[in-house]
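Working notes, structure below.
The values are calculated or read from the model by the stated rules, or taken from the named source; none is laboratory data. As the structure is a prediction and not an experimental result, all values here were calculated from the model. So basically every Cβ, Gly included, is an ideal-geometry build from the backbone, and we count neighbours across all protein chains shown. Surface areas here come from the heavy atoms of the whole protein model, side chains and all, with no ligands, DNA or RNA. Shrake-Rupley method; radii C 1.70, N 1.55, O 1.52, S 1.80 Å.
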Amino acid sequence: MGQIVIVSGSPSALSRLERILYYLGDLAETEGYTVKHISVKDMDADDLLFANFTSPKLKEITKTLETANGVIVGSPVYKASYSGVLKALFDILPQDILQNKYVLPVMTGGSSSHLLALEYALKPLLATMKAQNLKGLYFQDSDIDKTSDNVIVDEDMLNRTKKQLHYFIEKIKGDVGVKAY
């Protein structure tokens, strides 16, 4: 049917964000999509730190994002914003890498006091990359179980997550084969 690319801005492989992103990927696969996970951990730290635009890994990530039908971008909240390493990755990607792509922004944070980081930090970053941002999802740490198969423990949050993912997939389906120039 198509490919959804999930970009994780978490520097930790065992984070709550990673659990959520893999859960979203599993849901997308049940809808017939192939899912490709990209993590900031995939990039060499020196390539990010010194903005190596010729990095083979960066070229691979760029190609993967260019061919995606839709993108999910996630970050933990750090200092009321997205992770610096996610910003470093987006700084060296082409400016229009997300043009004509629906993007579902996802953030995780310790409390509801960081909810606006989604609206005032992550969404503007994605907009500068020409993304067509959707509403997005914000998860508090208390919404997520890192140890069980039931990743999202709050029933309302689980329903909202499924609804947002369904909306994201419906938007992608409507755009398959259609490119605005």
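The residue pairs whose first member lies in region 75-86 and is among the hydroxyl-bearing types (Ser, Thr, Tyr), whose second member is open to solvent by 50 Å² or more (accessible area, probe 1.4 Å) and not in a strand (DSSP E or B), and whose beta carbons are closer than 7 Å, counting only pairs six or more residues apart or on different chains, are Tyr78/Gly84; Ser83/Pro11.
Yes or no, residue by residue, for (1) modelled with pLDDT of 95 or more; (2) under 25 Å from Lys162 (Cα atoms); (3) among the hydrophobic types (A, V, I, L, M, F, W, C):
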residue	(1), (2), (3)
Ile4	yes, yes, yes
Thr34	yes, yes, no
Ser55	yes, no, no
Thr67	yes, yes, no
Tyr82	yes, yes, no
Val85	yes, no, yes
Leu89	yes, no, yes
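Out of the residues in region 150-169 meeting the condition of being closer than 15 Å to Leu24 by Cβ and open to solvent by 60 Å² or more (accessible area, probe 1.4 Å), tell me which one is modelled with the lowest pLDDT. Result: Asn150. Considering only region 124-140, I want to know if a residue exists there that is within 19 Å of Ala13 (Cα to Cα), open to solvent by 30 Å² or more (accessible area, probe 1.4 Å) and touching a residue at least 12 places away in the same chain (Cβ under 8 Å). Yes, there is a match, as at least one residue in region 124-140 is within 19 Å of Ala13 (Cα to Cα), open to solvent by 30 Å² or more (accessible area, probe 1.4 Å) and touching a residue at least 12 places away in the same chain (Cβ under 8 Å).
Identify, please: which residue in region 63-74 is in a helix (DSSP H, G or I) and in contact (Cβ under 8 Å) with a residue 12 or more places away in the chain and is, among those, surrounded by the most Cβ atoms within 10 Å (Cβ to Cβ)? In this case the residue turns out to be Leu65.
Residue-level check: of (1) part of a helix (DSSP H, G or I); (2) open to solvent by less than 50 Å² (accessible area, probe 1.4 Å); (3) touching a helix residue (DSSP H, G or I) at 6+ places or on another chain (Cβ under 9 Å); (4) not basic (Lys, Arg), Glu60 misses just (2). Against the criterion of being over 21 Å from Ala28 (Cβ atoms) and at pLDDT 95 or above, Lys101 does not qualify.
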